[in-house]
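Just below is one structure, and these are the notes that go with it.
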Amino acid sequence: MHIESAEQQALLDQEAHRLYGLLGSVSRAPGAKWTLAQCAQAAYYTLRINQVKKEKNAVILAHSYTTPDLVYGVADFSGDSYALSRKAAETSADIIVFAGVWFMAETAKILNPSKQVIIPAGPAGCTLADAITEEQVRALKAAHPGVPVLCYVNSTAGVKAECDICVTSGNVFDIAAKLPQKELIFVPDLLMARNMEIELQRRGTPKKVIAAGGSCCVHDKYTPEDIAALRRKYPGIKVLVHPECRPEVCAAADYVGSTQGMTAYVAKSADKLFGLLTEQGLVNRLEAEYKDKTFIGAFGICSYMKQNTLSNTMQALLNPSPAQIVELAPDVIERARKSLQNMFEMSR
Ligand code: SF4
């Protein structure tokens, strides 16, 4: 934004202070919070993006794992994959700008195919979504005929199109428990599959889970020793972890749940000190929204999510490149939507 008048400068100052009011309590690096000067730099972009967003009738959805200048500066909605997919399905905007990773933008396109869906980060991957192909899912189905196939939402549109029911970290255990079959196929998170078997056993609905895929590069790196170290350093701390973590990490935690679940746990808890073994973006959101509580994060960073910036969000809104626009074949949309609709129905 080129500053031409005292009025524009006043607007920038106002926006910088608005951002600082939200981000002043948020960690930008270990031991360093957002400063007013950094918020002032962000304000140049946020003012312009919010203006262009209105002119183009666009909506910006930002995953909680993106950076807080996006989440609090320009997003109309922020949250986890499930919450954002609902917003994508409901929006009447002409353009959906999805600050997240590619499979999330694909999900928005599947649920609202008449919209233009843009992702600032372009074809940003995900170690889970990239861990299995639709050909591999077809081979699994051929090897286990009749066994229902569940896919984690962190999967490509092509993989979703091959599966019966999509699930998220918030509903995976409930949906798996509701299925009448004693055996199921789950892709592409091997650690969540092991956590699922343990949880189903605990609930008295044991099932055999045939799993294939990989793991999340952020959540897979945590160990029980990380939790022990947190407890030694901060006696009384409540430790929250994501079900993409290893089973031994989940077993050592006070709470295991999705991004939404962890947020709800913090909101309801009378405790004041929390350790979070998850992506730093969620730690930042909790720091911004629960200023009376203290959050110790491990600075786990998803490099794919962080490829979304204010700069490429503005560029994508103004003039998206082909690599930033999601296009999917109609038959893939049709078949993948069925697996998502089955999830919505089974989550009721
Ligand atoms: S945090 Fe993990 S699961 Fe989420 S997008 Fe990044 S690599 Fe994928």
(Q) Given the options Val256, Val266, name the one that is over 21 Å from Asp292 (Cα atoms) and in contact with a strand residue (DSSP E or B) (Cβ under 7 Å, 6 or more places away or on another chain). (A) Val256
Q) Taking the range 40-82, which residues are among the small types (Gly, Ala, Ser) and at pLDDT below 95? A) Gly79, Ser81
(Q) I'd like the full set of residues that are among the acidic types (Asp, Glu) and over 25 Å from Cys126 (Cα atoms), limited to the range 171-198. (A) Glu183
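Determine which member of the set Val74, Val26 is more than 20 Å from Thr294 (Cα to Cα), out of contact with any Leu (no Cβ under 6 Å at 6 or more places or on another chain) and buried (at least 16 other Cβ atoms within 10 Å of the Cβ). Explain how you work it out, then say what you get.
Numbers: Val26 fails: more than 20 Å from Thr294 (Cα to Cα).
None of the others qualify; the one that does is Val74.
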(Q) I need the full set of residues from the range 267-286 which are under 26 Å from Tyr304 (Cα atoms) and either in contact with a Leu (Cβ under 8 Å, 6 or more places away or on another chain) or among the hydroxyl-bearing types (Ser, Thr, Tyr) (or both), in order please. (A) Phe274, Gly275, Leu276, Leu277, Thr278, Leu282, Val283, Leu286
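Per-residue answers, yes or no, for (1) more than 16 Å from the chain's Cα centre (by Cα); (2) crowded, with 19+ Cβ neighbours inside 10 Å; (3) within 30 Å of Leu318 (Cβ to Cβ):
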residue: Pro113; (1), (2), (3): yes, no, yes
residue: Ala121; (1), (2), (3): no, yes, yes
residue: Glu134; (1), (2), (3): yes, no, no
residue: Ala139; (1), (2), (3): yes, no, no
residue: Val147; (1), (2), (3): yes, no, no
Q: Inspect the range 266-288 for any residue being in contact (Cβ under 8 Å) with a residue 12 or more places away in the chain, more than 16 Å from the ligand (Cβ to nearest atom), under 30 Å from Lys56 (Cα atoms) and surrounded by 15 or more Cβ atoms within 10 Å (Cβ to Cβ) and give the result as yes or no.
A: yes
Q | Every residue from the range 297-336 that is part of a helix (DSSP H, G or I), polar (S, T, N, Q) and within 16 Å of the ligand (Cβ to nearest atom) | A | Gln307
Q. Does Val101 fit the bill of being more than 30 Å from Glu134 (Cβ to Cβ), under 20 Å from the mean Cα position of the chain (by Cα) and hydrophobic (A, V, I, L, M, F, W, C)?
A. no
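The values are calculated or read from the model by the stated rules, or taken from the named source; none is laboratory data. All values reported here derive from a predicted model rather than from experimental measurement. Neighbour counts are summed over all protein chains in view; Cβ atoms, including those assigned to glycine, are modelled from backbone coordinates with ideal geometry.
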